[in-house]
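Colleague: After the structure tokens below, expect a handful of questions from me.
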Amino acid sequence: MHALIEFIPLVLFFTVFKLVDIYWATALLMGTTLIQVAYSYFKKSKVPARQWLFFAIAVILGTLTLVFHDEQFVKWKATIIYAVLSVTLLSSRYLMGKNLVKQALSSVLNNAFEAEQAISVPEPLWDKLNLLWVAITAAIAALNIYIAYSFSLDFWVNFKVFGLMAITFVSIFVSIIMLYKYLPDEDQPKTDDSKLT
């Protein structure tokens, strides 16, 4: 449900762009991002730092887009967000000793298998996955701005909605394939003490 809510601003942005123009779409994107923040606050009494970052970037670049009536500003949103994600994944792992990809995927795997069986994934594989996502997010950041300035506005919007979504899903699929042999077999007996290592 939470993942679906995160896609709502993108879908609405695309729809309003097609029906009206980039400026109305940008204004709606800012509004829906604010609603996401409010939803998180009232639902969980806490707004994740990631969501605050997305909101701040949307408001700053969206405001510049509307004030100067120039869509070039909003085109930078995805590039900035993915560049920040890439730097965060890299610096968290090698400066702070935290593998954020491991934390995120461990949570997903725990929920998927209801923590009924132990899942043991070697640390070197988690490091490979982290570096993979560093490369993916950096590539998306570069690709977004390349397409924004090399192709039409309409092409860029289509890429932003469908291209980025496709790249993300393919990347998740590749990550799952890399983890597949470490996932529990349904025929294995269930254990009570199930933790990811």
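The values are calculated or read from the model by the stated rules, or taken from the named source; none is laboratory data. The model shown is predicted, which means the values in this text are computed figures rather than measured ones. All Cβ positions, even for glycine, are placed from backbone atoms using ideal geometry, and neighbour counts span all protein chains on display.
Colleague: For segment 132-173, how many residues meet the condition of being in a helix (DSSP H, G or I), surrounded by fewer than 16 Cβ atoms within 10 Å (Cβ to Cβ) and over 15 Å from the mean Cα position of the chain (by Cα)?
Modeller: Count: 7.
Colleague: Out of the helices (runs of 4 or more DSSP H) lying entirely within segment 1-98, which hold 2 or more residues that are among the polar types (S, T, N, Q)?
Modeller: Per the criteria, 22-44, 49-68, 72-95.
Colleague: How about segment 133-158: which of its residues are within 21 Å of L100 (Cβ to Cβ) and aromatic (F, W, Y)?
Modeller: Scanning segment 133-158 gives a single hit, W133.
Colleague: Here's another thing I want to ask about it. Under 8 Å between Cβ atoms, at least 6 apart or on separate chains: pull out the pairs that start in segment 27-39 with a residue that is farther than 13 Å from F7 by Cβ and end on any residue that is modelled with pLDDT under 85 and of a type outside the set (F, W, Y).
Modeller: L28/P9; V37/V47; V37/Q51; Y39/I5
Colleague: Could you list, in sequence order, all residues of segment 37-84 that are surrounded by 15 or more Cβ atoms within 10 Å (Cβ to Cβ), over 16 Å from the mean Cα position of the chain (by Cα) and under 17 Å from A141 (Cα atoms)?
Modeller: L61, F73, V74, K75
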